[in-house]
Amino acid sequence: MNNDFFRNIFKQSAVFIFLSIITALCVNGLRSDRLPLIGNWSHEGRMILKAGQNMIISIEEVRKLFADKKAVFIDVRSAEEFKAGHIQSALNLPWNDFNNLFNSIAPEISPDKTVITYCDGESCGASKELELALALKNLGYANVRVMVNGWSVWVKHKLPVESVETGWTFEK
């Protein structure tokens, strides 16, 4: 086999790849729900809904809602982590057990309050609190927000926590 044969294969492959890319871009351009070509795929970037609503809530907003008793906190961490310590009065709904446990805590989620899901970045992975927040929105809860790395942030700010295992409660 000579070099011309391999050059032809390379040229044909390059043309085929180029035409495939152009076709994909055209098809995407014709879609009503186009896929973004460039996006913010960071954890925070994924918290912005298609309608532009940012799901993230700041610690300042959280602190005010907690003080005014206008929020329901849902801890997405495992039952063991929740028992070891959680935001005072929080409910535990691990994402992996959502289907089994949601009906038991649903009566405690008041529709007139802001629902704040939280986790802890090190123990939960990057998106469980977002997945739970979106599931709650799909179930009709209008005001659902996500406190990113919530447990660590809450403890860092020395806000009220409690433990099922030890029975202790810490209030500022």
Residue selected from the range 71-89 under the condition of a type outside the set (Lys, Arg) and assigned to a loop (DSSP other than H, G, I, E, B), by the criterion modelled with the lowest pLDDT: SER78
Within the range 41-70, track down each residue that is aromatic (Phe, Trp, Tyr) and at pLDDT 90 or above. PHE66
Taking the options GLU122, GLU165, name whichever one is modelled with pLDDT under 85, assigned by TED's automatic domain parsing to the domain that holds PHE66, over 17 Å from ALA71 (Cα atoms) and not in a loop (DSSP other than H, G, I, E, B). GLU122
Find the residue count for the range 74-107, including only residues that are among the charged types (D, E, K, R) and in contact with a Cys (Cβ under 9 Å, 6 or more places away or on another chain). 3
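Quick grid of which residues meet (1) surrounded by fewer than 16 Cβ atoms within 10 Å (Cβ to Cβ); (2) closer than 25 Å to HIS157 by Cβ:
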| residue | (1), (2) |
| --- | --- |
| PHE73 | no, yes |
| VAL76 | no, yes |
| SER89 | yes, yes |
| LEU93 | no, yes |
| ASN99 | yes, no |
| SER104 | yes, no |
| PRO107 | yes, no |
| THR117 | no, yes |
| ASP120 | no, yes |
Could you look through the range 1-40, keep only residues that are surrounded by fewer than 10 Cβ atoms within 10 Å (Cβ to Cβ) and of a type in the set (S, T, N, Q), and pick out the one that is modelled with the highest pLDDT? SER32
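The values are calculated or read from the model by the stated rules, or taken from the named source; none is laboratory data. Note that the structure is predicted; figures quoted are calculated from it, not measured. Backbone-built Cβ (ideal geometry, glycine too); neighbour counts: all protein chains shown.
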